[in-house]
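Right, one structure below, let's go through it.
The values are calculated or read from the model by the stated rules, or taken from the named source; none is laboratory data. These numbers were taken from a predicted model, which means no experiment stands behind them. Note that we place each Cβ from the backbone using ideal geometry, even for glycine, and neighbour counts take in every protein chain shown.
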Amino acid sequence: MAIAKVQLRQCVLALICVCFSSLAMAGGSASEKLTAFLQTVVTLKSQFEQTVLSPQGEIIEQAQGQFILERPGKFRWDYLSPYPQEIVADGTRIWFYDVDLEQVTVKSQQEALTDTPATLLSGEMLPEEKYQVRDVDSSDGFSWVELTPKDAESNFQTVRLAFDRTGLRQMVMQDSFDQYTRLIFSDVHENIVLDEVIFQFVTPDGVDVVGDVNQ
């Protein structure tokens, strides 16, 4: 169960790192706003609510927390409820800290985020290079854009992003098992000054550490 939690959240955090945006900096379609983000947003901080749904629409998991990003390649994902967990990427490694298990798992960031949209974090490529990108019609008042991997072996099928007049408000990911992860964002702040210590994980005393610690 702990491994499944890490794998799911690792995939979701990678997607979020790419997908935050603000309509204040760009007009036009949702896909144009996504491209504008990749070219202009350097830092970001937001609250989130996450719901994981089965293929039948049943709720599997719900969680809340805070997400912080600094491009390229640094982010922090703090789950606050229903149980605490920290995921910290320092640009080289990702640290997964499960508070209940008193265990930290360390992985190479490049290897951990392979086959995820986190490769867009560098800003060296446009979404169209690896994804089919299209705007989606909707009557819910949001502007939706859908990303579909061109690689048939990808770990996820589609990601849909919803924008309103102030910024990104929802993300829905369909994974290879037909589960859906929906994230609702609030209190979003872009291009703010962040202290570098935010992305420096310090292992608590008495906690087991597994993985590429000395990479």
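Residues in the range 157-174 that are closer than 23 Å to residue 66 by Cβ and either under 14 Å from the mean Cα position of the chain (by Cα) or surrounded by 17 or more Cβ atoms within 10 Å (Cβ to Cβ) (or both): 159, 160, 161, 162, 163, 167, 168, 169, 170, 171, 172, 173. Restricted to the range 1-117, the set of strands (runs of 3 or more DSSP E) holding at least 3 residues that are loosely packed, with under 14 Cβ neighbours inside 10 Å and modelled with pLDDT of 80 or more comprises 59-70.
For the range 181-197, the set of residues classified as surrounded by 12 or more Cβ atoms within 10 Å (Cβ to Cβ) and either of a type in the set (Val, Ile, Thr) or under 14 Å from the mean Cα position of the chain (by Cα) (or both) consists of 181, 182, 183, 184, 185, 188, listed by residue number. Among the numbered conditions (1) touching a residue at least 24 places away in the same chain (Cβ under 8 Å); (2) more than 23 Å from residue 77 (Cα to Cα), the only one that residue 152 does not meet is (1). Scoring residue 172 on the criteria (1) at pLDDT below 80; (2) under 19 Å from residue 51 (Cα atoms); (3) β-branched (Val, Ile, Thr) leaves a single failure, condition (1).
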